[in-house]
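Heads up, the thing below is written out as structure tokens.
The values are calculated or read from the model by the stated rules, or taken from the named source; none is laboratory data. Predicted model only: the values in this text are computed from it and were never measured. Cβ atoms come from the backbone with ideal geometry, glycine included; neighbour counts cover every protein chain shown.
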Amino acid sequence: MSNYTGAVPETKRKKDWRDQAACRGTDNDAWFPNPTNAAGVQAAKAGCFACPVMIACAQYALTTRQADGVWGGLSEGQRSTLYKRHRTADFDNPSLVRTAVHRALRDELNPIHSYRDLWDARTYPLPDGHIGWKGASQNFTFHGSVYTPNQFAFLVDRGHKPVGIVRHTPECAVVECVNPRHIADNAERWQRKQAEERAAALDAAAEELAS
Ligand code: SF4
Ligand SMILES: [Zn+2]
């Protein structure tokens, strides 16, 4: 919300972004809806999106840590998230503010931004404990990296990227299954082979002792 009736009298301040504010002269309350009033917040944001000084307004609100209202297209919750991500001094940089605002608005339009969100959105249960992947089982890009569904399942479950190729274990023959327990990367296959060889050697030694 443009703050042109603030401490600096209108007649004495230099011209700045506030002179072009779309909300200038409008009902002040419209930019201070109750945060639980989703329709009110969206209406205020719509006004901001048509405002020629949206980024300058967002920068003002962020640098002065405005707690209430919609400013520069950002709700109270979105600014609060940005306060956690950045130091106040960071907002002196207009290009950082522009990127932060665009990111907040993009996240609002596309709420799938965490790995877990994507996992929940793309997977569905199959019989016998298998887990299916919705849509084409092709490579896709997420947060700048390219994954196959199996690579993504591995990353979400193990917390690190796979080594080499991710394949089904011998126990799972369901092509579209991405159950993390039914897949392994090169490192895990090698560990499994080592364990099987060790077990076989121990069995052979035990048999030899018994004979
Ligand atoms: S971005 Fe929104 S709150 Fe800021 S000046 Fe423009 S209309 Fe007013
Ligand atoms: Zn499976």
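Summary table below
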item	result
Residue check for residue 121: of a type in the set (A, V, I, L, M, F, W, C), over 28 Å from residue 27 (Cα atoms) and either part of a helix (DSSP H, G or I) or assigned by TED's automatic domain parsing to the domain that holds residue 51 (or both)	yes
Matching entry among 184, 210, 205, 201 (being exposed (fewer than 10 other Cβ atoms within 10 Å of the Cβ) and either outside the structural domain of residue 157 (by TED's automatic domain parsing) or aliphatic (A, V, I, L, M) (or both))	210
Single residue of region 124-138 satisfying the filter (aliphatic (A, V, I, L, M) and in a loop (DSSP other than H, G, I, E, B)) that is nearest to ligand 1 (Cβ to nearest atom)	136
Positions within region 25-41 being at pLDDT 90 or above and surrounded by 13 or more Cβ atoms within 10 Å (Cβ to Cβ), in sequence order	30, 31, 32, 33, 40, 41
Some residue of region 191-199 being of a type outside the set (Val, Ile, Thr) and closer than 13 Å to residue 123 by Cα	no
Cross-chain or 6+ apart pairs with Cβ under 7 Å, region 29-54 first and free of Cβ contacts under 8 Å to residues at least 24 places away in the same chain, then more than 12 Å from ligand 1 (Cβ to nearest atom) and in a helix (DSSP H, G or I)	34/40
Scan of region 139-177 for residues that are assigned to a strand (DSSP E or B) and either surrounded by 13 or more Cβ atoms within 10 Å (Cβ to Cβ) or not assigned by TED's automatic domain parsing to the domain that holds residue 119 (or both), ordered by number	140, 142, 147, 167, 168, 177
Near pairs, Cβ below 7 angstrom, 6+ apart or cross-chain, from region 93-112 (assigned by TED's automatic domain parsing to the domain that holds residue 75 and within 18 Å of residue 61 (Cβ to Cβ)) to any residue that is at pLDDT below 85 and charged (D, E, K, R)	none
Which listed residue is in contact with a Leu (Cβ under 7 Å, 6 or more places away or on another chain) and charged (D, E, K, R), from 161, 193	161
Count of region 119-175 residues which are away from ligand 2 (no atom under 16 Å from the Cβ), among the aromatic types (Phe, Trp, Tyr) and at pLDDT 90 or above	1
